[in-house]
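Quick notes on the structure that follows.
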Amino acid sequence: MKEDTNLILAGLRIVSRHKGYIFWLWLLNLSLAEFGTAAVRNRLHTVLDHSLLADRLLQGFDRGVYLEMVARPEWGSSPGSAVPAMYFTILFFIVTLFCMPGVLDAYTSEGRPSREDFFRCCGRNLWRFVRVLVFYGIVAGLIGGALFSGHVALVHASEKSTYELLPFYTNLATLGVIFLVLTVIRVWFDLAQVDVVVRDQRAVRKSVIAAFGYTQQNLIPLLAAYGIICLLALAVLAGGIWVWHSFVPSSNVLGAFVVTQVMLVLWLGMRFWQRATAAAFYMRQATVDAPTQATADPTPAPEVTLPVVPPLDGDVKLLV
Amino acid sequence: MSLCKTLTLLLVTTLAPLVAVAQIAEAEAANPAVVAPLIPDTTVAINSSAPLSQRVVAYDIDANYDAVKHTLDGTELLTYHNLTGQPLDRFPFHLYLNAFQPKATWVREAKAMGSRDTSYEEWEEKDRGSDEIKSFEVVGMGDLTSKLEFIQPDDGNKDDKTVVRVIVPKAVAPGDYVQFKIKFHDQLPETQARSGWNRDFVLGGQWFPKVGVWWHGAWNCHQYHATTEFFADFGVYDVSLTLPQNEVVGASGVRVKEAKNFDGTQTLTYHGDDIHDFAWTASPRYRVAEDTFQGAMGTVQLRLMMQPAHWNQEQRHARILKESLDQFERWYGPYPYKTLTLVDPEPDSAAFGMEYPTFITGGTSWWMPALIHEPELVVEHEFGHQYWYGMVATNEFEDAWMDEGINSYTEVKVMDSIFGPDTSIRNLFGATYGEREDQRLFYIGAADLDPMARNAWQYANSHSYEGVTYGKTACVLLTLEKIVGEDTMRNALHTYFMRYRFTHPTKEDVLKTIEEISGRDLRWYFNQAVYGTQVFDYEVMQISSDPVNWYEKDLKEKKGETLYESRVLLHRKGDFTFPVEVEIRFDNGERVREQWDGQDRWVKFNYQKKAKIESAEIDPDHTIYLDRDNFNNSRTMEPNKAPARKLANYWSFVVQSLSQFLAWWLV
């Protein structure tokens, strides 16, 4: 357990050394969301700015007034609001995919890569990351699809029971299992991405296979690390809602904006923390495996040298 | 007296009664109504020493429920008192359960227009319901089973078997009685339209052949439609139900007898007075709580039949039931029955939220937080039906708004009085929702499709039926408070209830009562709101303030010194005309209220003041609920961007969260 904690702390040190990436991605997300919500924003201003009824949405939140607003013919259709937001959501996903090699390069390097190095790494690895994503889509799609089908079947069966809470518990249990399995897959492909970046691996299938081995051999500590960070993300959600509800008056628009954005930054940070944890794990593993691999692998050595292992503090143990 | 004379006298006195009996028997055969039994004037189930209604029918039913097959086999002895003032030679009967068949009108309409409970994506055999008459005898006229014919008075759908008619060989004279002996077999569907089974739960609603109502000189016996409910005469019900001993049973009326049978079944007998329907429920898993309410006419036994997982909400249900009883008794009139059964039906069944005489179903979930009052809303609503459907007993086929709509209005009043006007449905994490807004939302979704005064099955669709019947009626009556006053409205409904309970009033009865109590001619309003489809929409179209000396080149505006020419333009966007009030606020704190009769398309108010207009608002006291757009009822000179920014922030937060969630799992 101590080792797991150390892994998490190692990840935390990495992510705090490179906080800037979180900030920039948050800023990007905020900017894209501004574009994505522009249509809704305009409609809101058109309907609310000159109406006294709008006060019932400012002082508290009158659900009836809100529903009346969206029921007006002038409000338009739901897709009119949702589709632009969806486009910008996809755009954020693509940009994240593009930036992630640079981030992982930084997480596995000593010091901070220059901007040129960052984007060079991003560019070099973009197509590889797309292929990793395809592998991930196949694996997660098949396993997730099967699990969700089982989930639906089990919940459906439980609904026939006269015990009213059985469907709820079935939902809870099956979704918990699905979450754990998908988290394992996520760990696997996070490690594969690190492998691609660190080894400058063109044949991403090799990275996927190697990462599978790492994940299989160290499943418990990796899953525990990811799980603990997920629990912290949930705590951020609960804490954020509590602060929002308890300390931010309903009419304080700026206060609500700050609280929500802090929550989003922290959530983003949690995901980067997971990645940093995976990077820390990988580097330790690579350090341990490097001599063996050098003799065992008949293929020519990669063009780049093996990564520099980030310095670990004295109290951090290797996970082997 | 000679022996011969004595013997003759003896013979005559002995034979005379025999002859008389024979003559009566012959007369009976000729006219069976002569000696038919009277409908009993029992008061077992009511807190009254005399009957409360003119009892037209008496149902005596014995039924066996097969909990495995979900079938009922019953015999029904129906006594009908001909109070129509004319001979009757034909009698229509409702067979409501036949609605749940693929070609029946109910299913056709539900598939085409939607229904509250069922979408009919595909037909499943468990959806099928039926009410089959095995034999039909008219006492004194013999077996008329072969004379039964299905009729379709509303739509001519020959596949609809929800109304059956018999023409009797000899007409029943005015004032006479006739008895029908009916054997029937029911197949209950998996719950549909608040009737049927679900898992091991069953709700027996509309489960036996029911005679139509002679109303305004004709039989009123409509087919069962997806948007209609029911209409029946008052009378006495004696019902014996035989079902497995493990079943916990609740029903309309008072339980008068119970017996355990050797075959593992139990027979429970119920009696109801002055009711027009009988429903029952059974499940092995009910947990039952008993309570009492001291009503104006006597004690009411409350029976709450809860799902095991909802037992912790028993007090919530008891509380709202008693508070509803209390408010209705104080505002509208006494509850005269000795019992009231509240059923918490099987979760996810189509049995929630239904009313039958002295018997209602609620609807909740195991997780329901106390600050969401939806279970209370359902209970209050269904209880309210005890007055408008149960006792006033309007024709729900033709005047649905007189039950559902008036009930929605009283629901607003009662829920507001208990939980507060803006929080009567929900008050959770700062998000509030009130009953008035709920009814308004119902209404504005279908404001102009149908008038309230329309047969329930003739609405454009179920959405319009619900929006107009429930929501619009509530809004019409809430807006009427603005014209006649809240106390007058309450008094009018009290008078209406007391005057028309246990009768079957028409729409004009309630409208005339409101006019009578308010002392005002309200035809102009009723013609638009009740009989019309006019759209109510007034708006503040424009406000402006300009300096009177605007043309001066070096004009410097000074607050409190510069004279302004201000204008307010009001616009009637809809075709509903209504007198409105507008409040104009100036930046020196002054408020001016103007009246407009609302007849013309627009009106303009001009002012010259040393102050600029800040805002103008139509209906500043917020008493008009019929206006379909409340956002354009006011206009401010300066924009207040904070509300839009707040909501945009919420929306942006959702979009950002989704973006991050997607990236979290995929990248």
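Read the figures in this text as sums done on the coordinates, not as results from a lab. Owing to the predicted nature of the structure, the values given are computational and were not obtained by experimental measurement. Cβ coordinates were reconstructed from backbone atoms using ideal geometry, including for glycine residues, and neighbour counts include every protein chain displayed.
What does DSSP give for the protein assembly as shown in terms of the percent of beta bridges that are antiparallel, rounded to the nearest 5?
85
What is the mean projected area of the alpha carbon convex hull for chain B, to one decimal in square nanometres?
Spelled out: convex hull of the Cα atoms, projected over all directions, averaged, 42.9 nm².
Per residue of A:250-261, how many C-beta atoms from partner chains lie within 10 Å of its own C-beta, taken as a mean?
4
For a quick check: sort A:F247, A:F281, B:F661 by the number of other beta carbons within 10 angstrom, fewest at the front.
By the 10 Å Cβ count, ascending, the order reads A:F247, B:F661, A:F281.
In chain B, which whole DSSP H runs stretch at least 27 Å along their own axis (Cα) and average 0.5 or higher on the Kyte-Doolittle scale?
B:3-30
Compare the Cα positions of A:Y107, B:N640, B:W665 along the charge dipole of the protein assembly as shown (+1 at Cβ of Lys, Arg; -1 at Cβ of Asp, Glu; about the Cα centre) and return the one farthest towards the positive end.
Result: A:Y107.
Pick out, from A:G141, A:L44, A:L154, the residue whose Cα sits farthest towards the positive end of the charge dipole of the range A:2-288, with +1 on the Cβ of Lys and Arg and -1 on the Cβ of Asp and Glu.
It is A:G141, whose Cα lies furthest towards the positive end.
Averaged across B:425-435, how many Cβ atoms of other chains sit within 10 Å of each residue's Cβ atom?
Across the residues of B:425-435, the mean count of other-chain Cβ atoms within 10 Å is 4.
Residues with amide H under 5 Å of B:V530's amide H, sequence separation 5 or more or different chain, H placed in the peptide plane at 1.01 Å from N; which?
none
For the range A:1-64, go through all pairs of different Cα atoms, get the mean of 1/r, take its inverse, and jot down that Kirkwood value in Å.
15.8
Relative to 2.2 N^0.38 Å, what does the C-alpha radius of gyration of chain A come to as a ratio? Two decimals please.
Dividing the Cα radius of gyration by 2.2 N^0.38 Å gives 1.18.
Kindly flag which residue pairs out of B:K69/B:K183; B:K111/B:K158; B:K482/B:K646; B:K322/B:K472; B:K134/B:K158 have an alpha-carbon separation exceeding 24 Å in this structure.
B:K482/B:K646; B:K322/B:K472
Just order B:615-625, B:645-655 by mean Cβ neighbour count inside 10 Å, highest at the front, would you?
B:645-655, B:615-625
Could you run the Karplus curve 6.51 cos²θ - 1.76 cosθ + 1.60 with θ = phi - 60° over the range A:124-137 and give me ³J(HN,Hα) per residue in whole Hz, x for Gly and Pro?
4, 9, 4, 5, 5, 5, 5, 5, 4, 4, 5, 4, 4, x
Please list the radius of gyration and Dmax for the range A:52-171, considering alpha-carbon atoms only, with Å as the unit.
Just the Cα atoms of the range A:52-171 yield Rg and Dmax of 23.6, 64 Å.
What order do you get for A:C230, B:C221, A:C121, B:C475 when you list them from fewest to most C-beta neighbours inside 10 Å?
Neighbour counts put them in this order, fewest first: A:C230, A:C121, B:C221, B:C475.
Provide the net charge surrounding A:S81, with neighbours chosen by a C-beta distance below 12 Å and charges set as Lys +1, Arg +1, Asp -1, Glu -1.
Computed value for this residue: +2.
Tabulate in residue order the Karplus-calculated ³J(HN,Hα) for the range B:64-79, using 6.51 cos²θ - 1.76 cosθ + 1.60 with θ = phi - 60°, rounded to whole Hz; enter x for Gly and Pro.
Each residue's phi maps through the Karplus curve to give 10, 9, 9, 6, 8, 8, 6, 10, 10, 10, x, 10, 10, 10, 10, 9 Hz.
List the residues whose amide H sits under 5 Å from the amide H of B:T84, counting only those 5 or more places along or on another chain, with H placed 1.01 Å from N in the peptide plane.
Result for B:T84 returns B:G175.
At A:A153 and B:N549, where each label point lies 7 Å from the Cα along Cα→Cβ, what is the point-to-point distance in nanometres?
8.8
In debye, nearest 20, what is the charge dipole magnitude of the protein assembly as shown about its Cα centre with +1 on Lys and Arg Cβ and -1 on Asp and Glu Cβ, if you could check?
In total the dipole reaches around 3280 debye.
Compute the acute angle (0 to 90°) between the alpha-carbon long axis of helix A:38-48 and the principal axis of greatest extent of the alpha-carbon atoms of chain A; round to the nearest 10°.
Here the helix axis deviates by roughly 20 degrees.
Taking only the alpha-carbon atoms of the range B:538-636, what semi-axes of the equivalent ellipsoid follow from 5 times the gyration tensor eigenvalues under a square root, in whole Å, largest first?
Ellipsoid half-lengths, sorted descending, are 29, 13, 10 Å.
Convex hull volume of the Cα atoms in the protein assembly as shown, per residue, in Å³?
Here the figure is 234 Å³ per residue.
Here is the link list: B:K413/B:K604; B:K338/B:K413; B:K612/B:K641. Which ones come out longer than 28 Å on Cα distance?
Exceeds cut-off: B:K413/B:K604.
Highest mean first, how do B:125-137, B:443-455 rank when packing is the count of other Cβ atoms within 10 Å averaged over residues?
For the peptides B:125-137, B:443-455, the packing ranking is B:443-455, B:125-137.
As a footprinting exposure proxy, order B:M306, B:M498 by other Cβ within 10 Å, with the fewest listed first.
Ranking B:M306, B:M498 by Cβ neighbours within 10 Å, fewest first, gives B:M498, B:M306.
Taking beta carbons within 10 Å but only from partner chains, what does the mean come to for residues B:623-633?
4
Roughly what angle does helix A:78-107 make with the longest principal axis of chain A, taking Cα atoms, 0 to 90 degrees, to the nearest 10?
Between the helix axis and the principal axis of chain A, the angle is about 20 degrees.
What are the ³J(HN,Hα) values, in whole Hz, obtained from phi via the Karplus relation 6.51 cos²θ - 1.76 cosθ + 1.60 with θ = phi - 60°, for each residue of the range B:269-285 in sequence order, with x given for Gly and Pro?
Going residue by residue, I get 10, 10, 10, x, 10, 6, 10, 10, 6, 9, 10, 8, 9, 8, 6, x, 10 Hz, with x marking Gly and Pro.
How much net charge surrounds B:S48 when only other residues with a Cβ under 15 Å from its Cβ are counted (Lys, Arg +1; Asp, Glu -1)?
Its environment carries a net charge of -1.
Rank-order B:331-342, A:83-94 by packing density, defined as the average count of other C-beta atoms within 10 Å over each peptide's residues, highest first.
B:331-342, A:83-94
Quick one: which residues, 5 or more positions from B:A611 or on another chain, have an amide H under 5 Å from its amide H? H modelled 1.01 Å from N in the peptide plane, none for Pro or chain starts.
B:Y564
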